[in-house]
Every structure is written in C-alpha cells, then in structure tokens.
Amino acid sequence: MGTVTAAISVSAAAAVVSRPAGRRRRGGPAAFRCSSSTAGERQALFSRIAPVYDHLNDVLSLGQHRTWKRICVSWSRAKKGDRVLDLCCGSGDLAFLLSQKVGLDGEVMAVDFSRQQLQTAADRQEQRWKMCYKNIKWIEGDALDLPFTDCYFDAVTIGYGLRNVVDKTKAMQEIFRVLKPGSRASILDFNKSSSLFTASLQSWAIDNVVVPLASGYGLTEEYKYLKSSISQYLTGEELEKLAKGAGFSVAKHYELGGGLMGNLVATR
C-alpha cells in the first residue's frame, strides 16, 4: 500500500483520467487551496490532532461514535459495486465502513484536506488490512472544488466535516454536483440543538469533560474550538434548507445520541 503520498498521487491521477465527460473541476488534482486564513487554521488544527484523534473519539463518546458512523453509512444506501465518496474522511472510519459495503467490485474515494489525517488513515489501512480495503483511494483535496466529474458517485458521506468547512453552501453544491440522480448524501455531525436543555448539556460536557481530557494530550486550545464551531454551525432545519437550496429534492435531518448528534440525509 505504501505511504499516503503515493496513495494520493496515484488515486488523484486515476480519478482525473477515468472520469466520464462532464463539468471538470478547476486546478490540480491534489492541492487544497485555502480560501482564507480561517480555512488554513482549521487545516493546521486537524493536522495537529491527527495522532490522537481516534483514541480521543473513543474516550469522549464512550465508543458511541462508532454506532453513529455505522448509521451514517447505512443511511447513504451504499451497496455492492457502488462508487462512493467519503468527504472530509479524517482517519478513515467511514471509508472503512463504506469499503465493506461496496466490496471489491466497488470503489471508495476518501478525500480530506489534512495530509496528516490521510497518513493516519493509510497507516490504519495497512494495520487493519482486509481484502476489500484495497478499494479505498486516499486523496488530499478541497471540499469546495472536488476533483471529480458531474454525477460520478452513487453515495456521499461526511462524518464531522461539514461543520468545519468555511463555505458550506459551496460544499453542498459540490456534493450535489458529483452525486448521481436519485443518490444520497449522508452527513453526520454534532447537532446544534434548538432545545435549551440539550444545548446546555452539550456546552457543559465540552467545558468539563472534552477540554480537560484533551488538555492531557496538550490539545486544550484545539478542542476549545469545538464549542465555537458548534455554535456557528447550522440547526437541523437550516441544514435541510441548505441541501434543498443546493438542488436536493429531499432533505431530512435526524437527531441521534439524545440530540447531541445529528445526521442529514439528502437525496438528489
């Protein structure tokens, strides 16, 4: 399998060469171009937390994040033989689940803007090797300018990524563009709850559980960002409107984990 550098160059080239006719994206296949200092700061943040990201997810959610991710993948309706996209793939949890869904005859394109996260994912691919994992290609890329032609994918997933994209409208438009008609996007993230109790509980947990635990890894400031990112995120209703505004025919947001998490399901 080799390093992530090799995986990125090979997979990106394959995506460009093999894509069918249609609108082509602008720019090179493997360059993430930060459109603002905020995007650059977020890219650096996720690179810093990459080495402990998976362990902290397990500790902070008591392992529940694995259940939520399985739900997200299930709701994407990915099936054997499909070509699917895991956008903002991080260390690869959803990509590995999708790999098993689509099988050896399918294909998983896993895109992220953090090379360190992609390297972690590639390392995990080697350590947890299964035959079907050969169908995963790791690509360093821009969620606002995807390196794929129109109507290219049978399903798209995002796990804890849309919240961190600077231009969510543009990202949703890109997701719509690369999906085949009738296909689904399934987007998992923290829920910005309209319930005062749930929002207060979420805020308390971040201040009194998440940040103190992260501080043990020297990541206090990195995880303080979580609270502000949720407060600046969209509610379930706003996410539905965002998806429909991008062209999706159906969009429904579901609360998970007692309202602490949410999953948007949008059908093109």
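Every read-out reported here was derived from the displayed coordinates using simple, explicitly stated rules and does not represent laboratory data. Just so it is clear, the model here is predicted, and its values are computed rather than measured. Here Cβ is always computed from backbone atoms with ideal geometry, including for glycine, and neighbour counts include all displayed protein chains.
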Practice task
State, to one decimal in nm, how far the label point of Thr267 lies from the label point of Arg70, with both points 7 Å from Cα in the Cβ direction.
Solution key: 2.5
Handout entry: Ascending count of other beta-carbon atoms within 10 Å, so fewest first, for Met131, Met261, Met109, Met172
Key = Met131, Met261, Met172, Met109
Fill in the blank from the handout: Per-residue Cβ contact counts at 10 Å, fewest first, order Glu221, Glu107 as Glu221, Glu107
Problem - Too-long pairs where the Cα-Cα distance tops 29 Å, listed order kept, from Lys170/Lys192; Lys79/Lys170; Lys69/Lys241; Lys170/Lys252; Lys134/Lys180; Lys137/Lys241 - result: Lys137/Lys241
Handout entry: Order of Leu179, Leu219 - criterion: other Cβ atoms within 10 Å of each residue's Cβ, fewest first
Key = Leu219, Leu179
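For a quick check of your reading of the filter: which trypsin sites (Lys or Arg not before Pro) in the stretch 81-188 sit in a DSSP loop and have no more than 15 other Cβ atoms within 10 Å? All intermediate terms of the calculation are to be shown ahead of the outcome.
On the way: sites: Arg83, Lys101, Arg115, Arg124, Arg128, Lys130, Lys134, Lys137, Arg163, Lys168, Lys170, Arg177, Arg184; in loops: Arg128, Lys130.
Those that pass, being in a loop and sparsely packed, are Arg128, Lys130.
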Practice task
Determine the shape class of the stretch 182-230: with a ≥ b ≥ c the square roots of the Cα gyration tensor eigenvalues, call it rounded for a/c under 1.5, and otherwise prolate if a/b is greater than b/c, oblate otherwise.
Solution key: oblate
